[in-house]
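K.L.:
Please find one structure pasted underneath; my questions will follow.
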Amino acid sequence: PYFISALSSPLLGHIVDKIGKRAQLATLASSILLAVHLTMALSDSSPIAPMVGQGIAYSLYASVLWPSVPLTVAKQFTGTAFGVITSIQNIGLAIFPLIVAAVYNASGGKYIPNVEFFFVSCAVAGVVVGIIMIRLDKRTGGKLYVASGEGCDEVVLNGNGGDVIVGRNPVGSVRDGDAGLFDGVEDEMYFSPLI
């Protein structure tokens, strides 16, 4: 799965940039993992297809998770948000092998099906969190839904010449000499990693 994830991450990241829908794609990644682990738990078929699916799901999830941080967190807290996410990830990397080992030992030294059912429960939790994320994103302006380069909220900006510009916030549109266009606009209204 990691080799497939390494190869597919740039392509999936590009697709995410083009279509947006980050919360929906995170939910899709969890759904793929759910199908993968159910297949591994309940089927005697070759594990190759599920492992390919697992690699794609990992890649898709990473392609939507990390770029979503600057879209949803105020600019001054972006580093803190990345630190919290990394900390949670490392806690999981420390604790989950212990849980897997405990389930494995409790299952008489058998990995399948109980360890896979543990991973199924994690994937179900991911789907539930994804659905909640979709609903929250819809209520808070849809920043995760828009593609990179699209605007997100209608804003009123004071232009360099004192003009008032009304329209969609042009994510990524600051060019040399235009920085004054965004004076007085709150960072969270327009911040994007493209700016």
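K.L.:
Look at the stretch 1-33 and say how many of its residues are out of contact with any Phe, Trp or Tyr (no Cβ under 7 Å at 6 or more places or on another chain), of a type in the set (D, E, K, R) and open to solvent by 40 Å² or more (accessible area, probe 1.4 Å).
P.N.:
So the answer is 2.
K.L.:
Can you spot a residue in the stretch 114-131 that is open to solvent by 60 Å² or more (accessible area, probe 1.4 Å), out of contact with any strand residue (DSSP E or B) (no Cβ under 7 Å at 6 or more places or on another chain), without any contact (Cβ under 8 Å) to a residue 12 or more places away in the chain and closer than 27 Å to HIS14 by Cα?
P.N.:
yes
Residue-wise test of (1) in contact with a Pro (Cβ under 9 Å, 6 or more places away or on another chain); (2) closer than 21 Å to GLY20 by Cα; (3) part of a helix (DSSP H, G or I).
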residue: GLY55; (1), (2), (3): yes, yes, yes
residue: VAL64; (1), (2), (3): no, yes, yes
residue: PRO67; (1), (2), (3): yes, yes, yes
residue: GLN89; (1), (2), (3): no, no, yes
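K.L.:
Residue by residue through the stretch 132-148, note down the ones that are open to solvent by 90 Å² or more (accessible area, probe 1.4 Å) and assigned to a loop (DSSP other than H, G, I, E, B).
P.N.:
THR140, TYR145
The values are calculated or read from the model by the stated rules, or taken from the named source; none is laboratory data. These numbers come from a predicted model, not from an experiment. Ideal geometry is used to build each Cβ from the backbone, glycine not excepted, and the neighbour counts take in all protein chains shown. Ligands, DNA and RNA are excluded from the accessible area calculation, which covers all protein heavy atoms including side chains. Shrake-Rupley method; radii C 1.70, N 1.55, O 1.52, S 1.80 Å.
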